[in-house]
Amino acid sequence: MPAFAFTHCAMDTAALAAQLADPACGGYAAFEGWVRDSHEGVRVRRLEYEAFETLALREGERIVSEAIARFGVSHAGCVHRLGDLAVGELAVWVGVSAPHRDEAFRACRFIIDEIKQRLPIWKKEHYVGGDSGWVNCERCATATSGDAAAHEHS
Amino acid sequence: MNAVAAARNASAPPLYGLLLAGGRSSRMGQDKAALTYGDGPPQLQRAMALLAAHVLRAYVSVRPDQAGDPLRARFAQIVDTQANVGPIAGLLAAQAQHPQVAWLVVACDLPLLDAPTLAHLVAARATARIATAYRSSHDGLPEPLCAIYEPGSRAPLARYVEAGRNCPRKFLAQSDTLLLAEPNPRALDNINTPTEYSAVMSQVSTPKKISVQYYALLREQAGRREEALATSAATPAELYAELAKRYPFTLSAAALRVAINNEFRDWATPLADGDAVVFIPPVAGG
């Protein structure tokens, strides 16, 4: 599997996990990010994800390589959804396999944290009332006059 | 030389020109005399044309090993006779060959040097003094490599070098030098590194063709996914400022990152013709 990929379709997490299987690995850790039904108290109806794919693919592969080098895990991968997603759908999957659980957990955490910070991916929320907004760009930009990237969301 | 200056200096020593092109260009990594700007000729050729218009005769100053270089061989040359004394070597050799003339010395790494700057220097020339030079707009010191050295400078300059000194700026600072304000404060900016070269390139070259892709909020506010532009913006920071006048962008540049040709880059990176630029709003993956 590629270290990092985008998909416009629902993911089969069992199939993704199977690609990390290795008789030398005794630990597998995964993170799944799901579409939540609210954001800062506002009811969310659905989400739209958009990416600058060329750069995001490169940067995503770098993050996974960094995790493998840094934590010494055996295999790691990440898939991110793009397009329209409904509440409850899987938006991002990270999986890591390693001889032991500790490095698998740590590498998994590292990958999702870096993905959220570094990849040029944007999320537009459509709210129950009919409004919509680009997360980190609009409501926060007006509230804090520009320093939107400092906010931690989901 | 213009008519007014010629008349005023009728009794003065004739003015010859010396283009210093004997540097080693070590920080640039390539011969600075051969650099081009925009669609213009190599810098040496450009500077010689500028210089020749203000003097009776113009020479290129070269090290002995540069005499056969095709770029330099097409002009009258004066070959250095002393090594390891820096740019002063060129002037010493010129004064030895023609001791009765004044020398308008110009370095060849001044891509923004213009005719008004040379014309003003020649017109304001003080023939009774050791030299006429500009006061640097950066540090207030004399600019020795766009200056006129009168015949009277020859003996003190020779003594200065014999005393083991070779900084022409300090020589002018301690001599009877007329210092002038620069008509164009950028005209004497010299370039020594590839970064300085790119910065000047972007100023003098013709508009660049740049493609811009927009994502997320910027895509909605620009009303398009991409466009091809002709711009004279030197950096992505200047380009964003230009676009922000055209589109109702609400994000300040401080909130964005920028990618050029699919890699994150600094906002001050010089833009080149054909670059693909993406402005990256605050991200929200995961």
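The values are calculated or read from the model by the stated rules, or taken from the named source; none is laboratory data. Values in this document were obtained by computation on a predicted structure and should not be read as measured data. Cβ atoms come from the backbone with ideal geometry, glycine included; neighbour counts cover every protein chain shown. Areas reflect the complete protein model, heavy atoms only, side chains present, ligands, DNA and RNA absent. Shrake-Rupley method; radii C 1.70, N 1.55, O 1.52, S 1.80 Å.
Observations on the model:
- Leading residue by the ranking (farthest from the other protein chains (Cβ to nearest Cβ)) among those in the stretch A:27-45 that are open to solvent by 70 Å² or more (accessible area, probe 1.4 Å) and in contact with a strand residue (DSSP E or B) (Cβ under 8 Å, 6 or more places away or on another chain): A:TYR28
- Number of the exception - B:GLN30 against (1) without any contact (Cβ under 8 Å) to a residue 24 or more places away in the chain; (2) open to solvent by less than 20 Å² (accessible area, probe 1.4 Å): (2)
- Matching residues in the stretch B:167-177 - criterion: being surrounded by fewer than 18 Cβ atoms within 10 Å (Cβ to Cβ) and touching a residue at least 24 places away in the same chain (Cβ under 8 Å): B:CYS167, B:ARG169, B:ALA173, B:ASP176
- Selection count, the stretch B:69-127, where residues are surrounded by fewer than 14 Cβ atoms within 10 Å (Cβ to Cβ) and more than 18 Å from B:GLU143 (Cα to Cα): 11
- Selection from the stretch B:266-286 of residues that are free of Cβ contacts under 8 Å to residues at least 40 places away in the same chain and away from chain A (no Cβ under 11 Å): B:ASP266, B:TRP267, B:ALA268, B:THR269
Condition check ((1) exposed (fewer than 13 other Cβ atoms within 10 Å of the Cβ); (2) of a type in the set (D, E, K, R)) across all residues:
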site	(1), (2)
B:MET201	no, no
B:TYR215	no, no
B:ALA222	no, no
B:THR235	no, no
B:GLU238	no, yes
B:LYS245	yes, yes
B:ALA253	no, no
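- The set of residues from the stretch A:61-74 being open to solvent by 20 Å² or more (accessible area, probe 1.4 Å), hydrophobic (A, V, I, L, M, F, W, C) and closer than 15 Å to A:ASP113 by Cα comprises A:ILE68, A:PHE71.
- Spans of strands (runs of 3 or more DSSP E) in the stretch A:78-138 with at least 1 residues more than 10 Å from every other protein chain (Cβ to nearest Cβ) and buried (at least 24 other Cβ atoms within 10 Å of the Cβ): A:90-98
- Residue check for B:LEU251: within 14 Å of another protein chain (Cβ to nearest Cβ), in a loop (DSSP other than H, G, I, E, B) and touching a residue at least 12 places away in the same chain (Cβ under 8 Å): yes
- Verdict on B:TYR149 being surrounded by 21 or more Cβ atoms within 10 Å (Cβ to Cβ) and farther than 23 Å from B:SER11 by Cα: no
- Condition check for A:ARG58: open to solvent by 10 Å² or more (accessible area, probe 1.4 Å) and either touching a strand residue (DSSP E or B) at 6+ places or on another chain (Cβ under 9 Å) or of a type in the set (Val, Ile, Thr) (or both): yes
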